[in-house]
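The values are calculated or read from the model by the stated rules, or taken from the named source; none is laboratory data. None of these values were measured; they are calculated from a predicted model. Glycine gets a Cβ as well: all are built from the backbone with ideal geometry, and neighbour counts include every protein chain shown. Remember, those area values only see protein heavy atoms, side chains included, never the ligands or the DNA or RNA. Shrake-Rupley method; radii C 1.70, N 1.55, O 1.52, S 1.80 Å.
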There are 2 protein chains.
Amino acid sequence: MKVVKFGGSSLASGKQLEKVFQIVVSDPERKVVVVSAPGKRFSEDEKVTDLLIECAELSLQNQDPKEKLDAVVARYALIAEELAISSDIIQEIENDLKRRASSDKSNPERFMDLMKASGEDNNAKLVAAYFQSQGVDASYVDPKDAGLLVSDEPGNAQTLPESYTKLASLHDRRGILVFPGFFGYSKEGDVFTFSRSGSDITGSILANALKADLYENFTDVDAVYSVNPSLVSRPKEIKELTYREMRELSYAGFSVLHDEALVPAFRAGIPVNIKNTNNPSAPGTRIVYERDNTNGPVIGIASDEGFCSIYVSKYLMNREVGFGRKLLGILEEFGLSYEHTPSGIDDISVILRENQLAPGMEEEIKRRIETDLNADLVKFEHSLALIMVVGEGMRRNVGTMARASKALAKAKVNIEMINQGSSEVSMMFGVKEVEEKRAVQALYDEFFAAVMV
Amino acid sequence: MKVVKFGGSSLASGKQLEKVFQIVVSDPERKVVVVSAPGKRFSEDEKVTDLLIECAELSLQNQDPKEKLDAVVARYALIAEELAISSDIIQEIENDLKRRASSDKSNPERFMDLMKASGEDNNAKLVAAYFQSQGVDASYVDPKDAGLLVSDEPGNAQTLPESYTKLASLHDRRGILVFPGFFGYSKEGDVFTFSRSGSDITGSILANALKADLYENFTDVDAVYSVNPSLVSRPKEIKELTYREMRELSYAGFSVLHDEALVPAFRAGIPVNIKNTNNPSAPGTRIVYERDNTNGPVIGIASDEGFCSIYVSKYLMNREVGFGRKLLGILEEFGLSYEHTPSGIDDISVILRENQLAPGMEEEIKRRIETDLNADLVKFEHSLALIMVVGEGMRRNVGTMARASKALAKAKVNIEMINQGSSEVSMMFGVKEVEEKRAVQALYDEFFAAVMV
């Protein structure tokens with residue numbers, strides 16, 4: 001049995017829904033279909049979810065949301081018309097939206113979640129109606145009936161453990177089940193949405209609860225690339241990677257899937273297949289628990305900008321028990337989270353995302369470290385990029401670091417920092433932002449160029 | 001003006017004292033002479049300091065220390081006889097020792113310090129008498145008169161700040177000043193000794209207080225080697241290195257000088273020259289504040305065994321503010337100090353010296369980390385060696401890491417860990433202990449073989 005999730009661009013128009021239908025019915029194992037709200041049809045288009053947020057904001061400011069509400073209904077109506085579905089469903093959606101818009105606004109965040117969630121909820125009803133109109137045994141599943149219980153945190157709901165047993169009984173339902181992504185219900189019966197990429201989370205939860213053989217995640221790219229295509233032209237596609245590799249690559253934020261969404265599938269050991277709605281015959285990228293390591297030590301290269309380092313030196317620091325802990329404690333007081341802490345004998349650097357630094361904070365942190373820790377020198381360095389070279393084969397391969405650092409040296413890239421050895425599947429290089437593109441290209445050429453030929 | 005310190009082996013016999021005399025009088029700048037207690041004359045010999053410790057222990061156990069005391073006096077007497085110095089000084093030394101041995105023992109540690117310190121104190125008197133017998137204007141300096149004030153911590157005395165101003169007035173004294181190393185006086189007038197290598201500390205303090213142009217440290221080797229001679233045969237000698245390089249090299253404990261001893265000289269920017277009493281014309285090794293970087297990026301390679309790593313992994317660790325700090329806090333509760341903390345996205349390793357782990361502690365730490373931090377996996381790895389590749393030229397040299405890692409790969413050494421980027425003067429490799437020697441040889445061949453030819 002497979003859980004299949006479709007993203008917003010796969011559900012943006014009647015034409016797209018036809019593709020979705022063909023994909024689902026072509027494989028009898030595709031029993032649970034998780035849907036997002038209709039996304040963009042072209043780059044200037046508005047997502048239904050964004051329209052709904054505008055509705056909610058207008059309502060909360062006591063302004064009339066009618067125009068925006070009508071725009072939402074029009075999106076569904078257009079799809080229904082394209083697919084010649086009975087207009088009853090559009091009437092139902094319109095009534096639902098009006099009911100939500102006129103509901104209690106005493107808790108603005110809860111009202112916002114209720115409005116946002118309608119995008120997925122009504123789309124699931126529309127998709128189910130379309131599948132039925134094609135003579136297929138399909139039904140909309142209400143997350144409340146199915147037992148998807150979540151915490152009452154608006155925009156950041158956490159699944160409650162009892163959901164998994166409740167959802168498992170979906171096994172007994174006949175036909176194709178169309179399940180809205182992005183939200184669940186609190187024990188009090190109120191709607192709360194997940195964080196970003198919430199529909200991916202819903203699919204992952206269902207895959208876990210139903211012990212699916214596969215979680216298929218349909219989006220609009222053929223595969224995950226081995227490197228960011230904006231840095232290297234036409235990079236190699238990744239056919240299969242492990243959860244750990246996916247997680248290390250997603251660090252730099254160029255991944256297709258939000259990595260937190262994978263946790264429930266990961267915990268149950270269910271493989272994930274990222275596929276393209278617009279090219280379903282392409283094998284896509286499989287995310288698995290373990291994989292054979294056949295294609296050299298490196299599977300992908302991720303990179304990201306916007307880091308800075310705080311360098312702290314103090315003669316004989318090494319002898320001082322608690323120095324590192326106290327330093328991290330100071331940064332925590334400033335609400336800063338950090339990425340890495342490379343250290344020498346008498347110095348330590350803390351690498352963090354520089355967008356966390358509010359104006360004036362740098363000077364304050366400097367003063368605190370100098371005063372509290374009696375440091376000899378505290379120095380900020382800005383505009384750093386981190387590059388992760390990722391692959392399960394890395395640990396067993398003696399020469400990977402030599403190849404990587406030689407490639408960087410040949411490209412005249414100065415390595416500001418190396419962090420290797422804790423993770424068995426990655427090595428990290430810190431370079432100046434201006435050298436990032438050159439560095440990534442050099443590493444790509446070293447580890448992938450030969451494989452491509 | 002130069003402060004000149006001689007170690008125990010340079011003062012072990014009359015023959016050695018003749019060398020010391022020649023060295024001191026050959027340069028009128030050598031005005032302050034710091035002496036250790038007489039050391040070993042041959043490898044099975046006993047150091048005077050060790051004899052004194054035995055004396056003290058016997059006395060504290062209410063046993064008769066006479067035999068050992070006689071042995072101490074005999075060492076001085078033999079030197080005096082060899083050098084034809086009047087036996088008055090030996091009588092003085094014997095009286096001093098008896099006075100100390102019969103003094104108050106209510107505080108055993110303080111009594112121990114009083115006994116130990118006599119080795120240097122009486123040797124300074126003997127050396128001064130010898131210099132005088134040669135017609136040189138020389139005098140013994142009593143640290144109490146000179147104002148070397150220290151904290152009342154037995155075996156670990158810290159210099160009090162006011163010492164520096166007081167000691168500066170030694171400038172006004174005529175002739176060569178012979179100053180005993182290793183100890184000072186508390187404000188109450190009691191003797192307290194420094195930690196290990198205490199005579200080096202005394203020399204360093206005097207160099208600072210007197211704003212010496214140079215601190216010469218005479219020992220029994222021609223120079224500091226670029227690598228441990230027990231790992232690589234006949235390694236290159238280092239002519240000049242910076243304090244920072246010295247400190248990073250001393251990490252592995254193969255240095256001639258105890259690095260803590262250098263702090264006062266370092267703070268005053270006074271260069272240190274390590275020289276050989278038995279070969280004073282050899283230039284030795286100079287430790288300086290800054291140096292020209294002429295001989296390639298690497299100046300030395302240090303390594304040490306006996307490390308272990310604690311590997312901790314947890315999915316999405318990266319999102320958890322405070323994880324690293326809490327982990328270090330747990331280790332601190334167990335009284336453990338750590339060396340490095342390489343980290344991946346979802347994992348962190350803590351490298352520490354494994355001799356700190358008491359029996360059973362490993363299991364306890366594992367349990368604590370699993371319970372308190374909800375870690376997915378906690379794993380110890382033992383028998384690791386750390387190798388430091390050190391040199392000021394490293395940061396400006398793009399290809400150093402490539403050369404180092406390639407050399408290790410060619411020697412089939414698996415790099416368990418790399419830590420590079422905080423210190424500007426070193427890169428660290430972690431390898432299995434069994435691969436240490438092969439790794440160090442490979443690195444030495446890469447960075448020094450060509451230079452030697």
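Points worth noting:
- Matching option when the condition is hydrophobic (A, V, I, L, M, F, W, C), buried (at least 24 other Cβ atoms within 10 Å of the Cβ), in a helix (DSSP H, G or I) and not assigned by TED's automatic domain parsing to the domain that holds A:Val178, among A:Leu241, A:Leu206, A:Leu249: A:Leu249
- Criterion (under 29 Å from B:Val390 (Cα atoms) and under 19 Å from the mean Cα position of the chain (by Cα)) met by exactly one of A:Ser349, A:Ser309, A:Ser313, A:Ser303: A:Ser303
- Single condition A:Leu336 does not satisfy, out of (1) open to solvent by less than 10 Å² (accessible area, probe 1.4 Å); (2) modelled with pLDDT of 95 or more: (2)
- Odd one out for B:Val33 among (1) in a helix (DSSP H, G or I); (2) within 19 Å of B:Phe183 (Cβ to Cβ); (3) not acidic (Asp, Glu): (1)
- Qualifying residue in region B:149-170 (condition: open to solvent by less than 10 Å² (accessible area, probe 1.4 Å) and among the aromatic types (Phe, Trp, Tyr)): no
- Among residues that are at positive phi, facing chain B (nearest Cβ under 8 Å) and either free of Cβ contacts under 8 Å to residues at least 24 places away in the same chain or of a type in the set (Lys, Arg) (or both), A:Gly399 is not included.
- Considering the conditions (1) open to solvent by 40 Å² or more (accessible area, probe 1.4 Å); (2) under 25 Å from A:Leu327 (Cα atoms); (3) of a type outside the set (S, T, N, Q), A:Arg438 is excluded by exactly one of them, (2).
- Breaking point among (1) of a type outside the set (A, V, I, L, M, F, W, C); (2) more than 7 Å from chain A (Cβ to nearest Cβ); (3) part of a helix (DSSP H, G or I), for B:Arg325: (2)
- Test for B:Ser337: is it part of a loop (DSSP other than H, G, I, E, B), of a type in the set (S, T, N, Q), facing chain A (nearest Cβ under 7 Å) and under 21 Å from B:His382 (Cα atoms): yes
- Of all the listed residues (B:Tyr311, B:Tyr315), the sole one being part of a strand (DSSP E or B), under 30 Å from A:Ala302 (Cα atoms) and open to solvent by 10 Å² or more (accessible area, probe 1.4 Å) is B:Tyr311.
- Tally of residues being among the small types (Gly, Ala, Ser) and at pLDDT 95 or above across region B:40-56: 1
- Count of region A:340-375 residues, restricted to those that are open to solvent by 40 Å² or more (accessible area, probe 1.4 Å) and either within 14 Å of chain B (Cβ to nearest Cβ) or under 17 Å from B:Pro342 (Cα atoms) (or both), is 3.
- Hey, B:Ser10 of a type in the set (Ser, Thr, Tyr) and crowded, with 21+ Cβ neighbours inside 10 Å or not: yes
- Residue check for A:Ser405: free of Cβ contacts under 8 Å to residues at least 40 places away in the same chain, surrounded by 22 or more Cβ atoms within 10 Å (Cβ to Cβ), within 13 Å of chain B (Cβ to nearest Cβ) and assigned to a helix (DSSP H, G or I): yes
- Filtered residue count, region B:414-436, keeping only those that are within 7 Å of chain A (Cβ to nearest Cβ) and either part of a loop (DSSP other than H, G, I, E, B) or more than 29 Å from the chain's Cα centre (by Cα) (or both): 6
- Of the residues A:Tyr185, A:Tyr164, the single one that is closer than 27 Å to A:Asp50 by Cα and among the aromatic types (Phe, Trp, Tyr) is A:Tyr185.
- Count - residues of region B:380-395 that are closer than 20 Å to A:Ala407 by Cα and either in contact (Cβ under 8 Å) with a residue 40 or more places away in the chain or more than 9 Å from chain A (Cβ to nearest Cβ) (or both): 1
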